[in-house]
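This report refers to the structure that appears directly beneath it.
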Amino acid sequence: MQKIFESLNEAQSEAVKSVDGPILILAGAGSGKTKTITSRLAFLLQCGIPASNTLTLTFTNKAANEMRDRALSLIGSNWEYPPLLCTFHKFGLLFLKFHIELLKRKNSFVVIDTDDKKRIIKSFGSDLPLGLIASEISRYKNSLISPQIAWEKAEQKSYKQIAKLYEQYEKYIADNNLVDFDDLLVLPYKILDENPEVCDSTSQRYQYIMVDEYQDTNELQYRLLKKLCSTHNNICVVGDDDQSIYGWRGANVKNILDFKDQFDDVKIVKLEKNYRSTQKILSAANSLIEHNRSRLGKVLKSTKGEGCDITLIESNDEKNEATIVSKRIKKLISNGVNPNSIAVLYRINALSRSLEEGLNREKIPYNMVGGVKFYERMEIKDLISYLRIIANPNDDFSIKRVINRPKRGLGKVTIEKLVKGAYENRVSIYEYFKSNSSQIESQVSKKCFSSLKNFIEGIDTLIDIANSATFSVVDELEKIFEIRNYYEMLPDSLERVANIDEFYALYRDSIKQNPSLSIDDFLNDLALQSEQDAIDSENISIMSIHAAKGLEFDYLFVIGLEEGFLPLIGDGSDIEEERRLGYVAITRAKKELTLCCASSRFYKGRRAELTKSRFLKECGVCKGSLTLEKTTSFKKGDLVKHKIFGIGRVVEISKVRREFKLKINFGGSKKDILASFVEKI
């Protein structure tokens, strides 16, 4: 017990000792949130609560792994059943493995990612933008809206089309036993909602629930948590309402703001002692966020002393800004500063172009966080598809991706014949070829048949190897299909081959670490990887503010502090969320913070004259006074609910004195209604 509390401050200790009932730990940036969560978990276990009765939910694998290691280091790792500490989606995956059969689905499902989802939608042949269709389907799912209801409520022809595509998509993934990221939350909720006995037993199993980064939860995650707490009230949520910056992807800041009203007798503990930044950096962050009205309120206090003043760089244009920033970074590195302790942040990804050019001119290597993700690169997706086929040869989706990659001389017509034959016989492509090879031989050229036969035989060989020697699968995969050789002939071959080698090494290492790991489990773990899990570089980092969430750097530069860039200004933008983004950016800095603004920028094909961001005044870097303003979290396209008119979609937003007026389309009938009279779905 003494070891758990020896390095905790008073507020952290209070949070750790609060065991029963609902608890909100309001943890400011750099206030030792992870230490508090892990210490609380260790305390629960030391109090005799079985590890199997605890559940800790996070948003990244990196956070989950770090917390598990730190908790076990406090109490020892000799636990027959270690505490379950994982992401929401990993929990959903584990839950579905046990219970998906209640939905008349098999538990041998495959998890697909966003790229797979878009390729499936693309195969339906719609002229609508893929991104729009995918995001609408995701929004419907997270709002628990069925294809039928989506079609009935659609007021425009394009949304009627999307509803039909949604129906096709749901049928396709069910028929092919696929599960997308949204399903990892939607399907568990559906099972818990439709099966009270499963809901009760699951809730009784997880008697003590902790949730990290609670400000980033969406409506569905909140409803899922309510189900998990249905037989008790022992939920501890940890988060910071001032760092809620994911409203654009469904996060609902009201979950943390209203937590005290959604559970009975909530205890609130504020962690305000900051162990990351100097006081001058924190004073700027405190001053900035005070301008927001929708917040629970706290003031960060530094344990690192006053520190040096915040620097403001005012440039003529983006090229001038990039040159000044790059030269300052070069000077820091030449003075012995480790490059990985330096970062440059921006609100809009497009601002990185001029910055990259400036860094290249100064020959400063950089790591761009949030570029093309490793697992979304073409060559890696191919390797993953091969492994999926080995795990499940009836996976038509993956077979269609790699049946002609590497090139096997199979034309579009041949592949279409194969797909059509499988469809008509109501079997998979693999089964169709195995049982109808003589028929297929008579329908295609000799060369095509030989290629198909070699492909299927290669898959069969790999399936046999996977059953006896999982470690050797990638070596045999390369020997049979020569994927490296294929990519050596393509542009960017050096980078692509290096990526393939990296993937093979990752696979072998995973099997070494866990010899009983199946290909299925390996693939499902990959599907849950996040951007920050892969950050490991000795270069400086450049990234969007969103990508920087959870990270910290000794020397930080924030560029683009102009009206229209930070904050973003436009139809449906939320100034309070923009301000929270500014707060997150500032609180990434540990020792030195440099804020940058330019008089003009070339953006979207034209040069624009700009004014300094209001945030520079609000954080005290420039002179200005405190101004509070009313904001709205609604934006065009939001689905909303009115007590009388029902469900509608926001088509226009305007301001009337101190209120916001929404023009809402209720099934073809448009009405003007004040924002305070409707709620988001």
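The values are calculated or read from the model by the stated rules, or taken from the named source; none is laboratory data. Source: prediction; values computed, not measured. Don't worry about glycine lacking a Cβ; one is built from the backbone with ideal geometry, like all the others, and counts go over all protein chains shown. Heavy atoms of the whole protein, side chains included, go into the accessibility calculation; ligands, DNA and RNA do not. Shrake-Rupley method; radii C 1.70, N 1.55, O 1.52, S 1.80 Å.
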| task | In debye, nearest 20, what is the charge dipole magnitude of the chain about its Cα centre with +1 on Lys and Arg Cβ and -1 on Asp and Glu Cβ, if you could check? | result | 1740
| Entries in K363/K549; K164/K636; K118/K141; K227/K298; K62/K190 that, when Cα-Cα distance is taken, lie over 20 Å | K363/K549; K164/K636; K227/K298; K62/K190
| message | Compute and list, largest first, the equivalent-ellipsoid semi-axes of the stretch 1-71 from the alpha carbon gyration tensor, each √(5λ) rounded to a whole angstrom. | response | 16, 16, 13
| Sorted largest first, extent of the stretch 235-288 alpha carbons per principal axis (Å) | 38, 29, 17
| message | Heavy atoms only, 1.4 Å probe, whole protein assembly: order S354, S283 by accessible area, highest first. | response | S283, S354
| field | 13 Å Cα-Cα reach of K90 towards aspartates and glutamates, excluding residues that sit fewer than 8 places from it in its own chain | value | D180, D182, D183, D521, D525
| message | Over the Cα atoms of the stretch 446-508, what radius of gyration and what Dmax do you get, in Å? | response | 13.5, 38
| remark: Quotient of Cα radius of gyration and Kirkwood radius for the stretch 116-200, i.e. Rg/Rh, equals 1.00
| Local electrostatic count, L224, Cβ distance below 11 Å [Lys/Arg +1, Asp/Glu -1] | +2
| message | Highest mean first, how do 293-299, 398-404 rank when packing is the count of other Cβ atoms within 10 Å averaged over residues? | response | 398-404, 293-299
| Dividing the alpha-carbon radius of gyration of the stretch 174-288 by 2.2 N^0.38 Å (N being the number of residues), what value is obtained? | 1.31
| Per-residue ellipticity at 222 nm for the chain, helices alone: DSSP H runs ≥ 4 residues times -39500 (n - 2.57), over residue total, nearest 500 deg cm²/dmol? | -14000 deg cm²/dmol
| said: In whole Hz and in residue order, list the ³J(HN,Hα) couplings for the stretch 435-451 that follow from phi through the Karplus curve 6.51 cos²θ - 1.76 cosθ + 1.60, θ = phi - 60°; x for Gly and Pro. | reply: 9, 10, 4, 5, 5, 5, 4, 7, 9, 10, 5, 4, 5, 5, 5, 4, 5
| request: Among the trypsin sites (Lys or Arg not before Pro) in the stretch 312-390, which ones are in a DSSP loop with at most 12 other Cβ atoms within 10 Å of the Cβ? Mind listing them? | output: K363
| Per the Kirkwood treatment, what hydrodynamic radius in Å, one decimal, follows for the stretch 417-464 from the mean inverse distance over all distinct Cα pairs? | 11.0
| message | If I histogram all Cα-Cα distances within the stretch 277-350 using bins 10 Å wide from 0, what percent of pairs lands in each bin? | response | 15, 32, 38, 14, 1
| Computed accessible area, Y346, all protein chains, 1.4 angstrom probe, square angstrom | 0
| remark: Mean separation of Cα contacts under 8 Å (at least 6 apart) over the residue count of the chain, i.e. the relative contact order in percent, is 16
| field | D (Stokes-Einstein, µm²/s), Kirkwood Cα radius, the chain, 1.002 mPa s at 20 °C | value | 77
| task | Sort out for me the Cα centre separation of the stretch 83-150 from the stretch 31-53, rounded to whole Å. | result | 32
| query | What are the radius of gyration and Dmax of the stretch 51-184, computed over its Cα atoms and given in Å? | reply | 18.7, 60
| message | Within 10 Å of each candidate Cβ there may be at most 10 other Cβ atoms; applying that plus a DSSP loop requirement, which trypsin sites (Lys or Arg not before Pro) in the stretch 55-129 survive? | response | K104, K106
| task | Loop sites only, by DSSP: take the GluC sites (Glu not before Pro) in the chain that have at most 13 other C-beta atoms within 10 Å and name the longest stretch containing none of them. | result | 81-305
| task | Work out the charge dipole of the chain with +1 on the Cβ of Lys and Arg and -1 on the Cβ of Asp and Glu about the Cα centre, then indicate which of L74, L566, I364 is farthest towards its positive end. | result | L566
| message | Suppose we keep just the alpha-carbon trace of the stretch 341-405; what are its Rg and Dmax in angstrom? | response | 18.5, 52
| task | First measure r as the distance between the Cβ atoms of E652 and S7, then evaluate 1/(1 + (r/R0)^6) with R0 = 56 Å and state the FRET efficiency to the nearest 0.05. | result | 0.55
| message | In whole percent, and with a 1.4 Å probe on the protein chains, what portion of the accessible area of the chain is carbon and sulfur? | response | 48
| field | Å² per residue, accessible surface of the chain at 1.4 Å | value | 46
